Amino acid sequence: MDSPSRQLAQELQLLHIDLDRKLQNDLDARVAEEKRRHDVLIAQSHAYHERIRQSAERQCELSALEAERERKQKEAEEVAALEKARQTRIAREEEERRKEKDRLQKELDDRTKRETEERELQESRARVEEQKKEAEEQKRKALEDARQKAKESADAARAKRVITENADPAPSPATAPASLGATGPAKPTVM
């Protein structure tokens with residue numbers, strides 16, 4: 001399964017492709033519309049100049065030549081103006097696409113950076129928690145070991161006292177020296 005960042009990158013790439021396709025379709029539609037308008041203008045211009053030509057035929061040759069010169073100059077200016085407008089529009093649309101691409105890339109970079117920082121923070125927290133658990137476990141084991149050793153020492157001392165008492169029992173009151181009496185050494189208490 002893809003990671004969220006890869007999935008986001010794929011979604012952004014698809015969005016970018018769709019945006020490029022839409023912008024290209026819009027551009028194609030506008031160019032087609034401009035061509036249609038241009039064709040209409042050219043057709044109208046031709047019709048207009050054809051009328052002038054027909055009228056000029058009834059006039060002298062000089063007037064006809066002047067009308068033709070004016071027609072060609074005007075047509076060239078119209079074509080130049082349309083081409084300039086088209087180039088300006090294309091440059092503007094390319095700039096808009098570049099800005100949108102930069103914006104999407106910045107969003108992707110910012111999100112990737114945030115996800116990386118969040119992941120590193122979570123990993124750091126997990127390491128601290130693991131170290132804390134290890135320290136607590138070591139402390140618990142040390143305490144357990146100390147208790148076990150204390151118990152073993154106490155058991156050994158108790159066993160030693162029992163063995164000593166069984167090997168050298170205290171004399172009975174009838175045979176005990178009078179000097180010991182009630183002030184004799186106290187018998188060890190068995191734990």
Item to complete: Return ILE90, ILE52 ranked ascending by Cβ neighbour count within 10 Å, so the fewest neighbours appear first.
Response: ILE90, ILE52
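Any chance you could run the full-extension gain for LEU8 through LYS101? It's 0.36 nm times the residue separation minus the Cα-Cα distance, nm to one decimal. Mind dumping the intermediate values first?
Values: separation 93, 0.36 × 93 = 33.48 nm, distance 1.51 nm.
So the extension gain works out to 32.0 nm.
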Item to complete: Grab the other residues whose beta carbon is less than 13 angstrom from that of GLN122, score K and R as +1, D and E as -1, and report the net.
Response: -3
Practice prompt. Report the net charge of residues surrounding ARG140, where surrounding means a beta-carbon distance below 13 angstrom and charges are Lys +1, Arg +1, Asp -1, Glu -1.
Written response: 0
Item to complete: Could you calculate, for region 4-123, the ratio of the Cα radius of gyration to the Kirkwood radius, expressed as Rg to Rh?
Response: 1.40
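Taking the number of other C-beta atoms within 10 Å as the exposure measure, put THR112, THR88 in order starting with the fewest. Before the final figure, lay out each step's value.
On the way: THR112 13, THR88 10.
Listing THR112, THR88 from fewest to most nearby Cβ atoms yields THR88, THR112.
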Response to the item:
Magnitude of the Cβ-charge dipole (Lys and Arg +1, Asp and Glu -1) of region 4-123 about the Cα centre, nearest 20 debye, reported as 400 debye
Worksheet entry | Gain upon complete extension [ALA159, GLU75; 0.36 nm per residue less C-alpha separation] | 17.8 nm
Fill in: Segment GLU144-LEU23, extension gain: residue separation times 0.36 nm, minus the distance between their alpha carbons
36.2 nm
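Where Lys and Arg each count +1 and Asp and Glu each count -1, what net charge lies around ILE42 among other residues with Cβ under 9 Å from its Cβ?
Details: positive: none; negative: ASP39, GLU75, GLU78.
Combined, the nearby Lys, Arg, Asp and Glu give -3.
Since every read-out is calculated from the coordinates, none of them should be taken as a lab result. No experiment lies behind these values; they were computed from the predicted model shown. Positions of Cβ are backbone-derived with ideal geometry, glycine not excepted, and every protein chain shown enters the neighbour counts.
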